[in-house]
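Here's the structure, in structure tokens; my notes come after.
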Ligand code: GDP
Ligand code: GDP
């Protein structure tokens, strides 16, 4: 489950985000109707040959009000902290600069492998100029061109060759979940409260090559859980850890490594823009989601408070309509005992499989209830449906012409499926396909 992490560092304008996008390819799909998801790409899943890995563009992690050089230094530190392999990028057009040398000096301190990429080598003649970069003392420079996409093969072969053979994090069958949310919503408090008294901590699984720490525990009922990235939640006191982009990147990593994401809101402060950003990513990643409203103890409540808060959440996070909401307090431990069972339940829903025969009964009933509409004189025909995968449950619906299936009809089918089966907490994906 833990994939190697590659981080790109280098001064601004050398082409980091260009290369990031090339390596990521079309892996990043931004769901158009997910509000609050900004388009910045700082973290993505990627593949090279048979290797799957995660890629970070540290240049996208901006520090506000930091002088130029100290920003690059912090980005280099992030790369050294987060990555298994670092791509240090320079520009063959501009040649070696002071800033490059300063970054190189920082990178000497790491024991992580560093691969030196010289970008903007747009033609063959320019390859002669890359030898200057040997002076950085970081080994062989790999000439690449983000504009033309050349040289990426050799560069990525060198990156992959440096992946850890065994990163020491064993795959397991436990339920993997993480707490996600802005600083100060109470994630660490929830972690500590949840790991309190009657839960047996099986182990702190420290990866040998990364400092992410997962915590495994067993409940009194005997259910095994792995809390992902508790290290990211523990504050380590580095300057960049307070920047928003960094915390979003950490959240993306934790979401990626989890089956169930616990999106923590602060009852005291209500809903903020950053909450939506992170929630949008969890939704897009297809994870099961629970919305946890923490600090419930801080509100003066009457009979309507909970309902009003729930309505607010439903309005602000419309795409998370499937996510259950739980109101808790890490301080008083109110309702915290219900959390493990809830996580277990949505995790089961996330991996629920429906037999085709049963599924098609539901689809046929749905068609009878609400016949497929005509569109410009043509009638949609729905033939049958089948579940093709889990986590999240994904259904293919075979039709005469996918163009004829309007979004609202897709929604209707999803709702009928949700009525018939328990998919609380998990997104459900519907893929329409022409029957051939
Ligand atoms: P970053 O600040 O390091 O992320 O750099 P960007 O990816 O934003 O690129 C900075 C500029 O360099 C942009 O105008 C790119 O179009 C340009 N650029 C990126 N790769 C190449 C390349 O291989 N050759 C040339 N000539 N320009 C490039
Ligand atoms: P994190 O940054 O999300 O990990 O948040 P922390 O767990 O560090 O909590 C931030 C602050 O909120 C701390 O001062 C906690 O004591 C406080 N806090 C956390 N949970 C609760 C809660 O349920 N009720 C109250 N009243 N305070 C809380």
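The values are calculated or read from the model by the stated rules, or taken from the named source; none is laboratory data. Keep in mind the model is a prediction, meaning the values are calculated, not measured. For neighbour counting, all protein chains shown are included, and Cβ atoms are generated from backbone atoms with ideal geometry for every residue, glycine included.
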(request) Mind listing whichever residues of segment 47-70 are under 24 Å from the mean Cα position of the chain (by Cα), free of Cβ contacts under 8 Å to residues at least 60 places away in the same chain and within 30 Å of residue 129 (Cβ to Cβ)? (result) 55, 57, 58, 59
(message) Looking at 192, 184 in this structure, which one is within 16 Å of ligand 2 (Cβ to nearest atom) and on the phi > 0 side of the Ramachandran plot?
(response) 184
(request) Go through segment 371-386 residue by residue and tally those that are within 36 Å of the chain's Cα centre (by Cα) and in a strand (DSSP E or B). (result) 5
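Let's see how each residue does on (1) over 29 Å from residue 240 (Cα atoms); (2) modelled with pLDDT of 95 or more:
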| site | (1), (2) |
| --- | --- |
| 146 | no, no |
| 154 | yes, yes |
| 170 | yes, no |
| 180 | no, no |
(request) Kindly indicate whether any position in segment 346-361 is under 27 Å from residue 304 (Cα atoms) and within 28 Å of the chain's Cα centre (by Cα). (result) yes
(request) Please find, among 323, 267, the residue that is touching a strand residue (DSSP E or B) at 6+ places or on another chain (Cβ under 9 Å), in contact (Cβ under 8 Å) with a residue 60 or more places away in the chain and over 25 Å from residue 215 (Cβ atoms). (result) 267
(message) Between a residue in segment 107-126 that is free of Cβ contacts under 8 Å to residues at least 40 places away in the same chain and closer than 18 Å to residue 154 by Cβ and any residue that is in a loop (DSSP other than H, G, I, E, B) and more than 16 Å from ligand 2 (Cβ to nearest atom), which pairs come within a Cβ distance under 6 Å, given they are 6 or more apart or on different chains?
(response) 114/138; 116/138; 118/92; 121/92; 122/147; 126/92
(request) Please determine, by comparing only the residues of segment 396-418 that are closer than 24 Å to residue 259 by Cα and either touching a residue at least 40 places away in the same chain (Cβ under 8 Å) or not assigned by TED's automatic domain parsing to the domain that holds residue 385 (or both), which one is surrounded by the fewest Cβ atoms within 10 Å (Cβ to Cβ). (result) 418
(request) Filter segment 1-24 down to residues that are under 16 Å from the mean Cα position of the chain (by Cα) and assigned to a loop (DSSP other than H, G, I, E, B) and give me whichever is modelled with the lowest pLDDT. (result) 1
(request) Within segment 300-332, work out how many residues are surrounded by 15 or more Cβ atoms within 10 Å (Cβ to Cβ) and within 16 Å of ligand 2 (Cβ to nearest atom). (result) 8
